[in-house]
Structure formats: C-alpha cells, structure tokens
Amino acid sequence: MLYRGYPIYYGFDWTYLLVIAAFVLSMIVQGAMQSTFRRYSSVRSMSGMTGAQIAERILQSEGLYSVRVQPVAGNLTDHYDPSTKTVNLSQSVYGSTSLAAQGVAAHECGHAIQDAQSYAPLRIRSALVPAANFGSKFSWVLFIIGLLFSFSWLVKIGILLFCLALAFQLVTLPVEFNASHRAMQKLESLRLMYNDELGGARKVLTAAAMTYVAAACASLLYLLRMLILSGGRRRD
C-alpha cells in the first residue's frame, strides 16, 4: 500500500532495505580493504625502499620531474592532485617500506601518468567534480523537500543532481583500475619488486579498487530508492 506517496507495508517502508543493503555492502568491502592493507603493511619489501622513494623512481622513469612527492596527514589519505601536480602520500605510506605502501605509492603515480598523458576518463572525472560535489550535498535535500510538499519538479531536480554525483563515481572506476594497472606495470618493469612480492601489492590495489565499486553499487541502490519513492508520490 501507499501512504502519502510512500510504499508502506504493515507500517514499514521497505525501501529502507535498500539503504541497509548499501550500508552492509560498503562496510564489508571497506573492512576487507583495511584488513588487506594491514596484512601487507606488516610485510617489508626486500628492496627496502619507502613509498616516497618508489614514487620518485616511477615519476623519474616517465620524465615527470615537475611532479612533487609529499607527505600528508591521516591514514589512507593518499591521492594525486592534478591542480598542484603533487603525489600526496599518507603517513602510513610515505616513509614505510612495506609492500602495501609501495603499491599505494605506485598507484598514485599511475594517476600522475594519466594526467601527463591526458587520459580521457581522468579529464572527464575532473570536469564532473563541481557538479558531483553540488549534487552529493543537495540532491537528497531537494528530493525530500519535493516529496514533502509535492513539488514534482523539485523531486526531478534532486534525482538529476544525484545522477551527476553517480556519474562521477562511475567514471572513477576506469580511472582507478587503470591507475592500478599502470602501477603494477611500473613495479614490474622497473624491477622495484621481486616477482613473489607483486602478488601482495596487487591484492592491496584490488581491495582498494573494490571500495570504489562498492560505493558505485551503493549509490545505484540509493538511486533506485529515489525512483521508487518518486514513483509512489506520482501515483498518490
């Protein structure tokens, strides 16, 4: 049955199951990623090179001498900033000699290489940043207000803004997987890791990439909920 446009069964809005499913999926994948990172953070690489040193070697091999490698505060806050041309490595990566640290550092260099080569999905993602940030902040606010006051046009705007945020997440997937692929190629071709170490780095990068997949899947479930609720409102 519908109550004021919402799908309610015996006093329970069943679309909350989609929210719960999204939350559980995110927690499982996030937990697996952290577990994998902790495991290989305790495995010291035979080369003894830190994450920062690995990053420097990869960047130099590509002739990217203008890209700086610098430490940033926090845990797993590693990222490449195309606006400042910096590879930013967290405290657990910058000075660590573990397989996990080397893999993460190489991955961020993969983004720097993408930027230097004008990798199309990275350009698209960068262009979507303003719209995605706006959509993630205001989509649900406008959507809920539209539902409460029966403003169908506001509901549609909320869904559209959420779709922009979702588009950002979807285009992020090839960007992240490609950066990891480039990272593994560099670690192997430059002989920065021994063959039996490459598997550990690959597991870390795969676990990290799956968090982006889980985030996109969770957003798809949220979008499905928005569509169901907006459909129920129209039938009311």
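Values in this text are rule-based calculations from the coordinates and carry no lab data. Because the structure is predicted, anything quoted here is derived from the model rather than measured. Cβ sites come from the backbone with ideal geometry, for glycine too, and all protein chains shown count toward neighbours.
What to note about this one:
- A convex hull fitted around the alpha carbon atoms of the stretch 1-150 yields 147 Å³ per residue.
- Summarising the strand pairing of the chain, around 60 percent of its internal DSSP beta bridges are antiparallel.
- Partners for Lys85 among lysines (Cα-Cα distance below 22 Å; same-chain residues under 8 apart left out): Lys186
- Net length available on complete extension from Asn195 to Phe23 is 58.2 nm, with 0.36 nm assigned per residue and the Cα-Cα distance removed.
- Rounded to the nearest 20 debye, dipole of the stretch 151-201 from Cβ charges on Lys, Arg, Asp, Glu: 260 debye
- Cα-based convex hull, the stretch 124-183, per residue volume (Å³, whole number): 65 Å³
- Sorted ascending by nearby beta carbons within 10 Å, beginning with the fewest, Lys137, Lys85 become Lys137, Lys85.
- Residues of the stretch 91-125 with an amide N closer than 18 Å to a point placed 7 Å from the Cα of Val43 along the Cα-to-Cβ direction: 93, 96-107.
- Of Thr77, Ser66, Gln169, farthest towards positive along the dipole that unit charges on Lys, Arg, Asp, Glu beta carbons give the stretch 2-235: Gln169
- Counted as membrane-span-like here are DSSP H helices of the chain whose alpha-carbon atoms extend 20 Å or more along the helix's own axis and whose Kyte-Doolittle mean is -1.0 or above; these are 16-41, 99-116, 120-148, 152-189, 195-235.
- What you get for the stretch 1-136, charging only the Cβ of Lys and Arg (+1) and of Asp and Glu (-1), is a dipole of about 120 debye around the Cα centre.
- Whole-number percent relative contact order across the stretch 2-235, with pairs defined as alpha carbons under 8 Å at least 6 apart: 27 percent
- About the Cα centre, charge dipole magnitude for the stretch 2-235 (Lys/Arg +1, Asp/Glu -1 at Cβ), debye: 640 debye
- Positive-pole candidate from Ser118, Ser136, Val87, dipole of the chain, charges at beta carbon: Ser136
- Among Val69, Val129, Val19, a tally of other beta-carbon atoms within 10 Å of each Cβ gives an order, fewest to most, of Val129, Val19, Val69.
- For the stretch 185-236, Kirkwood radius (reciprocal of mean inverse C-alpha pair distance, Å): 14.2 Å
- Contour excess over end-to-end distance, with Cα ends at Gln30 and Phe151 and 0.36 nm allotted per residue: 39.9 nm
- Taking one quarter of the surface of the C-alpha convex hull of the stretch 114-236 gives a mean projected area of 8.8 nm².
- Shown for Met49, Met193: other C-beta atoms within 10 Å of each C-beta, ranked fewest to most, produce the order Met49, Met193.
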